[in-house]
Structure formats: C-alpha cells, structure tokens
Amino acid sequence: MNKFEEVYKQTEEQIENYIGNLHSHGQLHNSSNLAAKKSVLVHEAHKL
C-alpha cells in the first residue's frame with residue numbers, strides 16, 4: 001500500500017466515525033455525507 005492509499009484509508013475511517021458522531025447528535029443530514037467526505041479527503045490528499 002502506498003502512502004496515499006494508507007492516508008486515504010485512515011481518513012475514510014476517521015470520517016465515518018466523525019459522521020457517525022454527528023448523526024448521533026442529530027447535526028448532519030444524509031445529503032451532506034458525500035460532500036463532507038469529499039472535502040476532507042481532498043484536504044488530506046493535498047497535505048501529502
């Protein structure tokens with residue numbers, strides 16, 4: 001696994017947890033999930 005894949009996988013897990021936490025507090029709607037994931041992944045990718 002290369003560095004990008006590694007970071008991508010870790011980030012994806014963090015996003016799932018983050019979104020799960022927001023859902024449990026009723027702060028996030030389903031339609032926002034994809035946009036939130038994409039923006040965080042793009043942000044993480046630029047750090048590499």
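We did not get these values from a lab; they are worked out from the coordinates using the rules stated. Predicted model only: the values in this text are computed from it and were never measured. Neighbour counts run over all protein chains shown; Cβ positions are idealised from the backbone, glycine included.
Less than 15 Å Cβ to Cβ from Glu5, Lys/Arg counted +1 and Asp/Glu -1: what total charge do the surrounding residues give?
On the way: positive: Lys3, Lys9, Lys47; negative: Glu6, Glu12, Glu13, Glu44.
Residues near Glu5 contribute -1 overall.
Once label points are set 7 Å from the Cα along Cα→Cβ at both Lys38 and Asn2, what is their separation, rounded to one decimal in nm?
2.3 nm
Can you put Lys9, Lys47 in order, fewest other beta carbons within 10 Å first? Intermediate results must be reported in sequence, preceding the final value.
Numbers: Lys9 11, Lys47 7.
Least to most surrounded, the residues fall as Lys47, Lys9.
Kindly state, to the nearest 0.05, the FRET efficiency for Asn17 paired with Ala45, given R0 = 22 Å and r defined as their beta-carbon distance. Numbers along the way, then the final one.
On the way: r = 19 Å, r/R0 = 0.86.
FRET efficiency, Asn17 to Ala45: 0.70.
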